[in-house]
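Taking it in order: structure first as structure tokens, then the write-up.
The values are calculated or read from the model by the stated rules, or taken from the named source; none is laboratory data. As the structure is a prediction and not an experimental result, all values here were calculated from the model. Cβ coordinates were reconstructed from backbone atoms using ideal geometry, including for glycine residues, and neighbour counts include every protein chain displayed. With ligands, DNA and RNA removed, areas are computed over all heavy atoms of the protein, side chains included. Shrake-Rupley method; radii C 1.70, N 1.55, O 1.52, S 1.80 Å.
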Amino acid sequence: QVQLVESGGGLVQPGGSLRLSCAASGTIFSIDAMGWYHQAPGKQRELVAAITSGGNTNYADSVKGRFTISRDNAKNTVYLQMNSLKPEDTAVYYCNAMVVSTPSRPTYRYWGQGTQVTVSS
């Protein structure tokens with residue numbers, strides 16, 4: 001079993017910054033892509049940013065130039081640095097990871113429990 005634990009959410013004023021962290025633990029052989037999604041009330045969950053094990057990144061157009069995704073493979077941790085935050089960034093942010101638990105098992109997608117980010121004055 002694998003657990004993803006997120007931290008770093010909270011309340012911030014427009015223009016402010018937050019850094020989210022997500023640490024994976026449990027039976028892990030390797031982790032392929034990791035990513036962050038967000039879900040606002042009444043809306044579908046959407047991709048914010050993703051990063052491969054080799055460091056290639058992908059961002060939603062709405063966050064390009066403001067958010068940066070990174071990962072520490074030795075710690076099985078992914079980060080999301082969010083700058084110049086806007087009220088429309090308000091949502092629950094979820095991390096996910098494509099985990100290979102053992103060499104004989106297929107890759108499986110795990111989700112964190114979510115962390116609230118609220119951007120408001």
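List of remarks:
- A 1.4 Å probe run over the range 54-102, with the rest of the protein chains in place, finds 46 Å² accessible per residue.
- Chain lengthening between Q3 and A60 when straightened (0.36 nm per residue, less Cα-Cα): 18.0 nm
- Listed residues I28, I69, I51, most fluctuating in the chain (Gaussian network, C-alpha, under 10 Å): I28
- Set of the range 69-89 residues, backbone N closer than 16 Å to the point 7 Å along the Cα-Cβ line of L11: 87
- If you run the Gaussian network model on the chain, springs between alpha carbon atoms under 10 Å, then out of R71, R45, R105 the most flexible one is R105.
- Cross-link reach is defined here as a Cα-Cα straight distance under 18 Å, omitting same-chain residues fewer than 8 places apart; for K43 the aspartates and glutamates meeting it are D61, E88, D89.
- The charge dipole of the chain, taken about its Cα centre with unit charges on the Cβ of Lys, Arg, Asp and Glu (plus for the first two, minus for the last two), comes to roughly 80 debye.
- Across the range 7-19, computed HN-Hα scalar couplings (Karplus, 6.51 cos²θ - 1.76 cosθ + 1.60, θ = phi - 60°) run 7, x, x, x, 9, 9, 6, x, x, x, 10, 9, 10 Hz from first to last residue, x flagging Gly and Pro.
- Accessible area of the chain belonging to carbon and sulfur atoms, whole % at 1.4 Å probe: 48
- Among G26, G15, G55, residue whose mean-square fluctuation peaks in a GNM of the chain (springs only between Cα atoms under 10 Å): G26
- Cα-based Rg of the range 44-121 normalised by 2.2 N^0.38 Å, two decimals: 1.22
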